[in-house]
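Notes for the one structure printed next.
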Amino acid sequence: MSTTAKVSARQRIESILDDNSFVEIGALVKARSTDFNIKTNDTPSDGVITGYGIINGKLVYIYSQDASVIGGSVGEMHAKKIVNLYNMAMKTGAPVIGLVDSTGLRLQEAVDGLNAFGEIYLKQAMASGVIPMITAVFGSCGGGLSVVSSMGDFTFMEGEKAELFVNSPNAINENRKEVCDSASAKFQSESGTVDFVGTESEIFEGIRDLVSILPSNNEKADYEEECEDDLNRACEGMENCVEDTLIAISNISDNGYVFEVKKAYAPEMLTAFIKVNGATVGVVANRTKVYDDDMNVAAEYEAKLTVGGCKKAAEFVEFCDAFGIAILTLTNVDGFKATMCQEKNGAKASSKLVYAFANATVPKVNLIIGDAIGSAYVTMNSKATGADIVYAWPTAKVGMMEAKSAVEIMYADEIANGDANQVINEKVAEYQNLQGSVMAAAARGYVDSIVEPIDTRKYLIGAFEMLFTKTW
C-alpha cells in the first residue's frame, strides 16, 4: 500500500474542489477479472474514484487513485472509468485533473491491464490541445503510469514521499536509490518532467490556482477577470530588473500575480503565467540572476540559450498557442551556450523554439530589456520570426554580434598593423552606433517603439488590447 494511503483518495478530491460540489461517477464499478483469485478481493470503485465538480465556478473532471484498493493498480475497469471521464470532459469542454497514487499495472490482469494503459494514452493524446490536463503525483507513479502523468500539460508532485519513474532507481545499472534517487521530486523537477513540487496542501492550492487562470478548453476564453490594478501604473525600479526577470514580470502583472512553470528546470529560461488587464498571458523570459527574498544573488546564469531552456520555452509556447493565451517575451540573450553537451542538441532545440514562436497564431509581444544579439535573439520571438509588436528599452542592444568581436573580425588587418587599442576603441564605438544600437534596429523597423522601463506596463496593456482580435 502507498505510504500516502492515510490520506484518502476522496479527501484529496474534496480538498481541491469547491465545498460539496463533487459528484461521483461509476461508484459501483468493480474489477471483473477472475484470474489469480482477484474475484475473492473486494475492489470498491476498482481503485479509482471518478467524477466531476467545481473549482471557482469552473466545471472540472477529476479522478483519484485509491491506494487502499489493490494498491490503486490500473486494470481494465479502472482504466475504463478514466477513459469515460476523458470522453465526458472533451464533450463538455472541461479540464481533467488526475491524482496519482498507484503501484502501476495490475499484474493479475496481464494483457487486459496493458490494453488499459493504451486506452488511457489514446484519450490523453486526443485531449491534448483541446482541454487542459493536470496531473498530481502523491504516491507511487512508475512504469507505464509515468507516461500518463507526463502526457498531461502540467504535473505536480509531492516533495517528500511521492515517486515518479520509468525504471526504479535500483533497476538502473550502477545506481541505487541511496546514490541517486531518480524517482524523487527533486530529480524529476530538475529534469523537466515535473512542473511543481510541494506539500499536499500546496499542491491542492496550486491546482485550484492553475485551473482558475486557464481557459476550460481551446475554444472558450473564460480566463479573464476584472482588473483591479491601475492600468497606467508606473513600474518603479523596472530598469533594475534586467537580470532577474521574475521580478520584472511581477512588476508588470496585475497586482504582482505570477504563476511560474518548471521552476527547477533550465532556470535560465523563465516560463510563467501573469495577468495583464485581467487576461492571462504566458511569459517566456531570459534570466541571468536569481535574487532571494533578501535581494541577495542566489544563482547566476549566462545570457545564453541552452538546450533545456529552448525545450522548456517551446513546450510552453505550444501550450499557450493551443489555448489562445497571448505570449510575452522578455529578451536578454547574446548567444548560444557553448559546450560539447549543448552542441549535441543545440541546433535541434533552438529550431523547435523558432518553430513554436513562428507557428503560434496568438498575440505575440517581445520586449527587449538587455542584449538581443545574433541568431539567439532571432530565436527569441523576434520581428522576423513572427512577433506582432517589438518594444525595447533605451539601454537595449540589438545587433549581429557583440561590437568588439565584430570589430576584431572586420578590422583584423588594421588591428595587426596599427595601434590595436586605438583601432578597437574607435571602431567599436562606430559599430555600436551604426549596427548595434536599438536606434539602428528601430530605424529599420525591427523594433516598433523604444519605451522607458517605467512605462512598460501601460505599453504592454495597450499592445495586447490592440491585438485582442488577432486571428492568425
Kindly indicate the residue of region 70-83 that is of a type in the set (A, V, I, L, M) and open to solvent by less than 10 Å² (accessible area, probe 1.4 Å) and also modelled with the lowest pLDDT among those meeting that condition. 74
What pairs come up if the first residue lies in region 436-452 and is within 12 Å of residue 377 (Cβ to Cβ), the second is part of a helix (DSSP H, G or I) and open to solvent by 90 Å² or more (accessible area, probe 1.4 Å), and their beta carbons are under 9 Å apart, counting only those six or more places apart or on different chains? 447/439
For region 188-215, give me the residue count where each residue is more than 17 Å from the chain's Cα centre (by Cα) and surrounded by 15 or more Cβ atoms within 10 Å (Cβ to Cβ). 2
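Yes/no per residue for (1) assigned to a helix (DSSP H, G or I); (2) open to solvent by 10 Å² or more (accessible area, probe 1.4 Å); (3) farther than 21 Å from residue 102 by Cβ; (4) at pLDDT 85 or above:
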{"residue": "3", "(1), (2), (3), (4)": "no, yes, no, no"}
{"residue": "11", "(1), (2), (3), (4)": "yes, yes, no, yes"}
{"residue": "14", "(1), (2), (3), (4)": "yes, yes, no, yes"}
{"residue": "21", "(1), (2), (3), (4)": "no, yes, yes, yes"}
{"residue": "24", "(1), (2), (3), (4)": "no, yes, no, yes"}
{"residue": "30", "(1), (2), (3), (4)": "no, yes, no, no"}
Kindly indicate which of 243, 226 is under 30 Å from residue 455 (Cβ atoms), in a loop (DSSP other than H, G, I, E, B) and modelled with pLDDT under 95. 226
Could you please let me know if residue 143 is open to solvent by 10 Å² or more (accessible area, probe 1.4 Å), under 22 Å from residue 16 (Cα atoms), without any contact (Cβ under 8 Å) to a residue 60 or more places away in the chain and touching a strand residue (DSSP E or B) at 6+ places or on another chain (Cβ under 7 Å)? no
Residue hits (region 233-264; open to solvent by 40 Å² or more (accessible area, probe 1.4 Å) and within 12 Å of the chain's Cα centre (by Cα)) are 263, 264
Any idea which of 319, 273 is of a type outside the set (Val, Ile, Thr), open to solvent by less than 10 Å² (accessible area, probe 1.4 Å) and modelled with pLDDT of 95 or more? 273
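Only one of 63, 86, 52 is in contact with a strand residue (DSSP E or B) (Cβ under 8 Å, 6 or more places away or on another chain), open to solvent by 30 Å² or more (accessible area, probe 1.4 Å), modelled with pLDDT of 95 or more and hydroxyl-bearing (Ser, Thr, Tyr); which?
On the way: 63 fails: open to solvent by 30 Å² or more (accessible area, probe 1.4 Å); 86 fails: open to solvent by 30 Å² or more (accessible area, probe 1.4 Å).
Exactly one residue qualifies, and that residue is 52.
Go through 125, 116, 136 for me and flag whichever is closer than 30 Å to residue 326 by Cβ and either surrounded by fewer than 17 Cβ atoms within 10 Å (Cβ to Cβ) or over 23 Å from the mean Cα position of the chain (by Cα) (or both).
Answer to the check: 125.
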Residue check: is residue 354 part of a strand (DSSP E or B) and aliphatic (A, V, I, L, M)? no
Of everything in region 282-316 that's modelled with pLDDT under 95 and of a type in the set (Asp, Glu), which residue is most open to solvent (accessible area, probe 1.4 Å)? 293
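Residue-wise test of (1) open to solvent by 50 Å² or more (accessible area, probe 1.4 Å); (2) at pLDDT below 80.
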position: 363; (1), (2): no, no
position: 376; (1), (2): no, no
position: 388; (1), (2): no, no
position: 393; (1), (2): no, no
position: 412; (1), (2): no, yes
position: 448; (1), (2): yes, no
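The values are calculated or read from the model by the stated rules, or taken from the named source; none is laboratory data. Given the structure is predicted, the values throughout are model-derived calculations rather than measurements. No Cβ is skipped: glycine too gets one built from the backbone with ideal geometry, and neighbour counts run over all protein chains shown. Just the protein is used for accessible areas: all its heavy atoms, side chains included, with ligands, DNA and RNA removed. Shrake-Rupley method; radii C 1.70, N 1.55, O 1.52, S 1.80 Å.
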